[in-house]
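The values are calculated or read from the model by the stated rules, or taken from the named source; none is laboratory data. Since this is a predicted model, take the numbers as computed values, not measurements. Cβ: placed from backbone, ideal geometry, glycine included. Neighbour counts: every protein chain shown. The area values use the complete protein model at the heavy-atom level, side chains included, leaving out ligands, DNA and RNA. Shrake-Rupley method; radii C 1.70, N 1.55, O 1.52, S 1.80 Å.
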Amino acid sequence: MATKKLDFSLRLRHDSADLSVITQQLGFASEVGWNKGDQKLSLKGLPLEGRRESSYRLLPLGVVKNVGLEEAIPECLERLMPFSSVLQEFVNSGGTASIAVGWFVDSEVGGDRISADAVAAMAKLHLTLDLYLYFEPNESKHAATVS
């Protein structure tokens, strides 16, 4: 698959802890988040029935274009290395920390790889991997097949 862009974020989940402290320790702006017990809201911010059963934060780490996973993941992990002890403490307290990758690709056949070194770096940071694939059809091929 030909990578068009990669959108990285750090996602934190915890069944009981308020995530305000770890968010401050990491120093990344939170794009989405709530704490356990907060009112559930729709995507438009309207109240829904019920309360949040866990705490969650999405911290954007950046977007890269026309670079493969092999090159981009280690660069993203480098940004998180200074926070290794913070992430370890969070995971040890029962939380889950994930590096989330939105992988936007065209429809060509192929793939990519994540090196053993990158997997080891994720493990050292106590990170899981959330991978979201978004296929964008190749417009030039589409135009050629439409008559």
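Computed values, structure above
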quantity	calculated
Ratio Rg/Rh, restricted to segment 1-45 and using Cα atoms, in which Rh is the Kirkwood radius	1.08
Total charge dipole magnitude, the chain, about the Cα centre, Cβ charges on Lys, Arg, Asp, Glu only, Debye to nearest 20	380
Max mean-square fluctuation residue, GNM over the chain, Cα-Cα springs under 10 Å, options E49, E89, E31	E49
For the chain, accessible area per residue (1.4 Å probe, heavy atoms of protein chains only), Å²	60
Probe 1.4 Å, all protein chains present, accessible-area order of S42, S9, largest first	S42, S9
Prolate/oblate/rounded call for segment 65-116, Cα gyration tensor, a/c under 1.5 rounded	prolate
Whole-number Å³ per residue for the convex hull built on Cα positions in the chain	132
Counting DSSP beta bridges with both ends in the chain, the antiparallel % (nearest 5)	75
Portion, in percent, of the accessible area of segment 1-95 that falls on carbon or sulfur, probe 1.4 Å	50
Positive-end residue of A116, L46, G95, charge dipole of segment 16-138 with Cβ unit charges	L46
